[in-house]
Each structure stands twice: as C-alpha cells, then as structure tokens.
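Trainee: This is the structure I want to talk about, given as structure tokens.
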Amino acid sequence: MTDVVARIAAGVADLPRDQWDACAGSDNPFVCWDFLAALEQSGSVGESTGWQPLPLVIDGPDGRIAAAAPLYGKSHSQGEYVFDHGWADAWERAGGRYYPKIQLAAPFSPVPGPRLLLRDRALAPALIAAIETLVERDRLSSAHATFIAPDQIALFEAAGWMIREDSQFHWTNRGYSAFADFLADLSSEKRKNIRKERARAVQGLEIVHLTGSDLTEAHWDIFWEFYQDTGARKWGQPYLTRSFFSLLGERMADKILLVLALRDGRAIAGALNLIGTDTLFGRYWGCVEDVPHLHFELCYYQAIDIAIALGLKRVEAGAQGSHKLARGYAPEPTFSAHYIPDAGFARAIADFLAAERAGVQDDRQWLIQRTPFKKSDGSSGGA
C-alpha cells in the first residue's frame, strides 16, 4: 500500500458532514456527524469535560475522507460503560500514569456499532496503526475501542489488540406483528406478570409518542428535567448539557422517538429512543413522579411496541440491568478492544481478560437458560 497519512482534526464539527457520514454509514445514529458534532457544539464533550475530541481521518486519492475514527483524549474513565478503574489503579500503584488515555467510542453511549468508519475498508489497518502511533508518540498508557460492532473485532485482533467481552440485554423481533405475538412466545406465568405490570403502570396515565416535527423545545425542557434527575442519581452530575437536546432535535428529529407519560396532561416521565436502520436504541429515562413499573413500561414494553410497529429487528435498551431478562430481553455479547504498549502491563491485562471472559460467558449461558420464553421441551424459563 502507498504510504498513508492520517491527520487529527480539532473536532468532528470541523470536518465535512457529508464526507464523515459517507464513512459512518446510516445504520447507527451514534457515529453520525449530527450526533457527534452536537456533543461538541453543546459542550457535552470538550477539554473541560475530560473528553477531548481528536477525530482521526485518512483522506483518499479523491481528497475526500476515506476512513475516520471518533477518537477522544480521556483524563478519566467516566461515561464509557466499560470499566477500567482497576487497571488505572494498578498502573498508577506501579508508578505509571494511566491518564490521559485514548478512547475510540461514541461518548456516553453503550451502543455497539462501528468504531472504524470506513469508506475504504482496506484502510482499516492503517487507521488502527495511526491510533497506536498516537499512543506511542505521546507516551500514553493505552487506547480503548469500546462497544465494537462484531464485524470489526477481527480487525482489532489482527492488529494485536486485546479483546474484552461483556453482556448486554437486547430484545429480538421474531417476526411479531403485535405485542400479543411476543407474549405468546412466553411462559404462561410471564405473560400474566407482564400484562399486570403494564396495566398497573399506565393506570390513570396517557402514553404519547413524539417524533419529527412533533418535537418542540417545550418537550426538551420537560425531558431535561427528567434527565437531570436520573443523571444526578446515577453519575453525580449529568453528562449532557441542555443545548445538546436542542441540537439533537434540530438535526435528528426523524431519528428520535420520545415516549412521555402524562397525568392530567402533565408529563411525569419520559424515555428517549434513537431509531437506527434495524434497531431501536433506548437511551435516557427520567421521571418526576414515582409510579410502580412505569420505568419498565416506557423503556422496555413501549420500545417493543415501537419496534414491532416499525418493523425493526431488535431493541437495545442500554447497559446492564438483569431486570430486563424477565421482560423478554436476552443477554447478548458485547466487545471492546484494548491497546497497551507496555509489555508487562499488557500481559497482566491479558491474564485478567481471559479469566473475566470465562466468567462472563458462564454467566451469560446461565441467564439464557432463564429467559421467560417457552423452551423447546415445553418447559418455562426460570427468570
């Protein structure tokens, strides 16, 4: 291959939208120009946040971007959902400096997707090599690519990066035409439980779906209140700024589906979803009134309803949450890749990952046996 030159831009927002998206594709909204630029322009990422944008690009012979990577310099490990705090502690106890590090990710989004954005797939090795060069040139501890699309794992493995495995709960559309079809796949007990949960959750409430031009700044004001409450309880302070939601609504309204629960016309809870080509991505939830099972209704059951109506293949409802199992969301593997140039530290991490992987896979098999779906032998799941 002719020598390839990679360059780092000041931000995704400084790059041509059409060229970035020609590499990112249209399947996953979390790596598109609109989403990543909105994070930058709203101040949700930037030097003061510990997420310094360092988008890496390689130009093709036509002068247009042929490969790109949403890269960030990180001064902490918040907002990643693949936890390496133990690695940082170990490295610093040994006298090293773990931060800053390099993160290849969709910030604050535990959503599997492409991390190497390739108009020319042949440039994947060069893009990975450029990330490694950046780490070594600046004497950084490591680089981490989180929530990698399964079809890109081999690209990182071929470059010698270490692969980490975890699980997430996803719902799969098995050709359902209505929620009742999904319920029919479950054990009798689980069907009854879900019907009871849904009835209790929406008693006295109106559920509305908003997308496209129906979304207004008033809706974002309402949802911001929900998001702040959830963010304060989960992370101490919210990751995203208020203006991020305005920019998202302005640029990506047709890919947004906001579900609100109204009591006497007043919104008391909401769930924000993004729509991909074949997947509904549940991202944020919040409420100002505690209603039993309303979280399950807005985030999981309404999402299933929406996916069926839109003919989508699956729902990805975010990180963690074994409570999703009883509601028809089954464990699926997720992957990250890690580059650590120090040979001794890399060996220690490799040993840790091998032991962790065995435990993760065992746990996932245990959970799969306890999904609420009818078993082929006629028995019921144990979740």
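Trainee: Among Ser142, Thr371, Leu260, whose Cα sits farthest toward the positive end of the charge dipole of the chain (+1 at Cβ of Lys/Arg, -1 at Cβ of Asp/Glu, about the Cα centre)?
Mentor: It is Thr371, whose Cα lies furthest towards the positive end.
Trainee: Could I ask something else about it? Using the Cβ atoms and a cut-off under 12 Å, what net charge is assigned to the surroundings of Gly73, where Lys and Arg are +1 and Asp and Glu are -1?
Mentor: 0
Trainee: Check each of the GluC sites (Glu not before Pro) in region 233-338 and keep only those in coil by DSSP with at most 15 other C-beta atoms within 10 angstrom; list them in order.
Mentor: Glu289
Trainee: May I pose another question? Under 17 Å from a label point 7 Å along Cα→Cβ of Gln203: give me every residue in region 259-277 with its amide N that close.
Mentor: 262-264
Trainee: A further question follows. Nearest 20 debye, what's the magnitude of the dipole of the chain about its Cα centre given +1 on Lys and Arg Cβ and -1 on Asp and Glu Cβ?
Mentor: Charge dipole of the chain: 980 debye, to the nearest 20.
Trainee: Explain nothing, just the number: dipole magnitude of region 272-383 about its Cα centre with +1 on each Lys and Arg Cβ and -1 on each Asp and Glu Cβ, in debye rounded to the nearest 20.
Mentor: For this selection, approximately 300 debye.
Trainee: Report, in degrees rounded to the nearest 10, the 0 to 90 angle that the Cα long axis of helix 124-137 makes with the longest principal axis of the chain.
Mentor: 70 degrees
Trainee: Identify, among Ala343, Phe281, Pro238, the residue whose Cα sits farthest towards the positive end of the charge dipole of region 216-356, taking +1 on the Cβ of Lys and Arg and -1 on the Cβ of Asp and Glu, with the dipole about the Cα centre.
Mentor: Ala343
Trainee: Can you list which of the GluC sites (Glu not before Pro) found in region 1-101 are DSSP loop residues with at most 13 other C-beta atoms within 10 Å?
Mentor: none
Trainee: Also, I was wondering about something else. Output wanted: per-residue J couplings in Hz (rounded whole) for region 246-258, from phi through Karplus 6.51 cos²θ - 1.76 cosθ + 1.60, θ = phi - 60°, x for Gly and Pro.
Mentor: Per-residue couplings from phi come out as 5, 5, 4, x, 6, 9, 10, 4, 6, 9, 10, 9, 9 Hz.
Trainee: Turning to a different aspect of this structure: Can you tally the net charge around His219? Count Lys and Arg as +1, Asp and Glu as -1, for every other residue whose Cβ sits under 14 Å from the Cβ of His219.
Mentor: -3
Trainee: Could you compute the FRET efficiency for Arg266 and Glu136, with r as their C-beta to C-beta distance and R0 at 51 Å, rounded to 0.05?
Mentor: So, using R0 = 51 Å, E works out to roughly 0.35.
Trainee: Could I ask something else about it? Using a simple charge model, +1 on the beta-carbon of Lys and Arg, -1 on the beta-carbon of Asp and Glu, nothing else, what dipole does region 1-125 show about its Cα centre, in debye to the nearest 20?
Mentor: With only Lys, Arg, Asp and Glu charged at Cβ, the dipole is about 260 debye.
Trainee: Enumerate the aspartates and glutamates that Lys101 could reach by cross-link, defined here as Cα to Cα under 17 Å, with residues fewer than 8 away along the same chain left out.
Mentor: Answer for Lys101, where 17 Å is the Cα cut-off: Glu47, Glu80, Asp84, Asp89, Glu92, Glu132, Glu136, Asp138, Asp342, listed by chain and number.
Trainee: Return the whole-Å distance between the Cα centroid of region 240-273 and the Cα centroid of region 297-354.
Mentor: Rounded to whole Å, the Cα centres lie 23 Å apart.
Trainee: What full-extension length gain, to one decimal in nm, is calculated for Arg93 and Asp254 as 0.36 nm per residue of separation minus the Cα-Cα distance?
Mentor: Length difference between fully extended and current span is 53.1 nm.
Trainee: Please give the per residue accessible area of the chain, computed with a probe of 1.4 Å over protein heavy atoms only, in Å².
Mentor: 43 Å²
Trainee: Nearest 5 is fine: what % of DSSP beta bridges in region 271-383 come out antiparallel, could you say?
Mentor: Restricted to region 271-383, the bridges split so that about 60 percent are antiparallel.
Trainee: Going by accessible area, probe 1.4 Å, with all protein chains left in place, what is the ranking of Arg370, Arg119, largest first?
Mentor: Highest to lowest solvent-accessible surface, that is Arg119, Arg370.
Trainee: Report, in deg cm²/dmol and to the nearest 500, the calculated mean residue ellipticity at 222 nm for the chain, where each DSSP H run with n ≥ 4 adds -39500 (n - 2.57) and the sum is divided by the residue count.
Mentor: Taking each H run of at least 4 residues, the total per residue is -10500 deg cm²/dmol.
Trainee: Then there's this: Can you tell me which of Val31, Val315, Val288 moves the most in a GNM of the chain? Springs connect C-alpha atoms under 10 Å apart.
Mentor: Comparing Val31, Val315, Val288 in a Gaussian network model of the chain, the most mobile one is Val288.
Trainee: OK, next. Within region 36-114, report the chymotrypsin sites (Phe, Trp or Tyr not before Pro) that DSSP leaves as loop and that have at most 15 other Cβ atoms within 10 Å.
Mentor: Those satisfying the criteria are Phe83.
The values are calculated or read from the model by the stated rules, or taken from the named source; none is laboratory data. Everything numeric in this text was worked out from a predicted model, so none of it was measured. Here Cβ is always computed from backbone atoms with ideal geometry, including for glycine, and neighbour counts include all displayed protein chains. Calculation scope for accessible area: heavy atoms of the full protein, side chains included, ligands and nucleic acids excluded. Shrake-Rupley method; radii C 1.70, N 1.55, O 1.52, S 1.80 Å.
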